1. How about region 248-303: which of its residues are free of Cβ contacts under 8 Å to residues at least 40 places away in the same chain and either polar (S, T, N, Q) or buried (at least 22 other Cβ atoms within 10 Å of the Cβ) (or both)?
2. Which numbered condition in (1) among the β-branched types (Val, Ile, Thr); (2) at pLDDT 95 or above; (3) over 19 Å from the mean Cα position of the chain (by Cα) is the only one that Ile102 fails?
3. One residue is enough: does region 383-400 have a residue meeting the conditions under 30 Å from Ile348 (Cβ atoms), modelled with pLDDT of 95 or more and polar (S, T, N, Q)?
4. Look at region 316-329 and say how many of its residues are crowded, with 17+ Cβ neighbours inside 10 Å and of a type outside the set (Gly, Ala, Ser).
5. Looking at region 349-374, which of its residues are touching a residue at least 60 places away in the same chain (Cβ under 8 Å) and assigned to a loop (DSSP other than H, G, I, E, B)?
6. Residues in region 173-183: is at least one assigned by TED's automatic domain parsing to the domain that holds Ala244 and part of a helix (DSSP H, G or I)?
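The values are calculated or read from the model by the stated rules, or taken from the named source; none is laboratory data. If you're wondering where the values come from, they're calculated on a predicted model, not measured in any experiment. Every residue, glycine among them, receives a Cβ derived from its backbone with ideal geometry; neighbour counts consider all protein chains shown.
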Amino acid sequence: MATDDFYHEVHLNLNVRGLKHSATLRINEYSNQLISEGKKVYKLGLGQSPFPVPDIVVQGLINNAREKDYLPVKGLPALREAISSFYYRHWGKKYLVENIVIGPGSKELLFLLQLCYYGELIIPTPSWVSYAPQAKIIGRNIHWIATKKENFWRLTPAELDKICRHDPKKPRLLILNYPSNPTGYTYKNEELIELAAVARKYKVVLVSDEIYGMLDHKGDHHSICTHYPEGTIISGGLSKWCGAGGWRLGALAFPKSLSWLADALSVAASETFTSTSAPIQYAAVTAFEPHPEMDFYLERARKILLHLGQYCNRILNEAGINNAAPHGGFYLFPDFSNFRNKFLQHDIFDSETMCDKLLESAGVATLPGSEFGCPPSVYTLRISYVNFDGRKAIDAAVTETVDDLFIEKYCPDTLVAMKEIVKWVSAL
């Protein structure tokens, strides 16, 4: 063994050994590589908003571009005040300014949260690709809860109770993401009430990941914080509903009963990222404040995602691919189990192989359900149905009616990609 190889093997942290780059980032980079080689690729892998950052927020960044000083570790006070007012305005719950922490993306904050809170991580499957790897890096125990397609892949109170009752005093951290990445489904208010009751019974610390909350297709998002305020941490940011993924701004809002955890996370932040970009924080104040322009932006974005999601879902259903129309965000999570016999005849034994073959044969980049915690033998894919010019579409929605004709006109590549999926399955 060469000396360099020895040091790489021996000194690599065991919790990191064997981990790969985040699946969503990996598929995006690979898709770009294929495109640079002259291949036609429909990019349905990366979950990135297609819409531009609203002009009013961009102007806020321009106005504050000269801000260069380090800000408080927990974040710009005016931004934390704006976020506190935002949650009170939408859900009637007041999170204290001193219990809101701003970070360079919600991903970094969720990582530090797991680092600071010593408890078992509970994750419903399928779920976002980074929750579990973060827990593994830190060395936390992970308890997956398998959900059912018949229930829109949502966690039920009975499933949560079954996990907790065997050791009712064990500290636990449950991450609930809705509208969901990867499924696009969300919870009804009455379902959140029942889940909140179980979480309260066992004093589960609940992280409500509502990064897609403002992209509920009907603008009717409910937060579990209204039913379990003392134990719910809200995770949010600018990346999805404000189209600003690359700006890297996230926020965690802690209830007063968990202020000690907010303070501990702040200590960890002070030794890692120090503070979030000053110009970005100043600009973000505008995004969280009430502005008619922001309301109009979200209204158009929701309409486009609603109609496009339903259109894509019809294409799949008509081909016998099992899925239900999404409730929010921009994802589909179809189940191809109806084609199991076909797949087996072509040596497609798992969702990862299915995903690879689809990209190789049809040029459609997606992610296998196994990346989101589903058993590899279950033929599921996550489809991010936003391969279109978001600026062109959202500008057109000012004067044009958003309907099927609109979708065909402004989102053609997404529709072609869906038809390519159907064509590939049918040709096997």
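1. Ser257
2. Here Ile102 meets the rest and fails (3).
3. Yes: region 383-400 contains one or more residues that are under 30 Å from Ile348 (Cβ atoms), modelled with pLDDT of 95 or more and polar (S, T, N, Q).
4. Residues that pass the stated criteria total 5.
5. The answer is Gly363, Thr366, Gly373, Cys374.
6. Pass one, region 173-183, residues assigned by TED's automatic domain parsing to the domain that holds Ala244: 173-183.
Retained after the next criterion (residues that are part of a helix (DSSP H, G or I)): none.
For region 173-183, residues assigned by TED's automatic domain parsing to the domain that holds Ala244 and part of a helix (DSSP H, G or I): absent.
Condition check ((1) assigned by TED's automatic domain parsing to the domain that holds Ser257; (2) modelled with pLDDT of 95 or more; (3) within 21 Å of Thr274 (Cβ to Cβ)) across all residues:
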position: Leu61; (1), (2), (3): no, yes, yes
position: Leu71; (1), (2), (3): yes, yes, yes
position: Phe86; (1), (2), (3): yes, yes, no
position: Gly92; (1), (2), (3): yes, no, no
position: Lys107; (1), (2), (3): yes, no, yes
position: Val129; (1), (2), (3): yes, no, no
position: Ala132; (1), (2), (3): yes, no, no
position: Gly139; (1), (2), (3): yes, no, no
position: Lys162; (1), (2), (3): yes, yes, no
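Yes/no matrix, rows are residues, columns are (1) outside the structural domain of Tyr88 (by TED's automatic domain parsing); (2) assigned to a helix (DSSP H, G or I); (3) under 29 Å from Leu306 (Cβ atoms); (4) under 13 Å from the mean Cα position of the chain (by Cα):
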site	(1), (2), (3), (4)
Ala199	no, yes, no, no
Leu206	no, no, yes, no
Lys218	no, no, yes, no
His222	no, no, yes, no
Cys225	no, yes, yes, no
Ile234	no, no, yes, no
Trp241	no, no, yes, yes
Ala251	no, no, yes, no
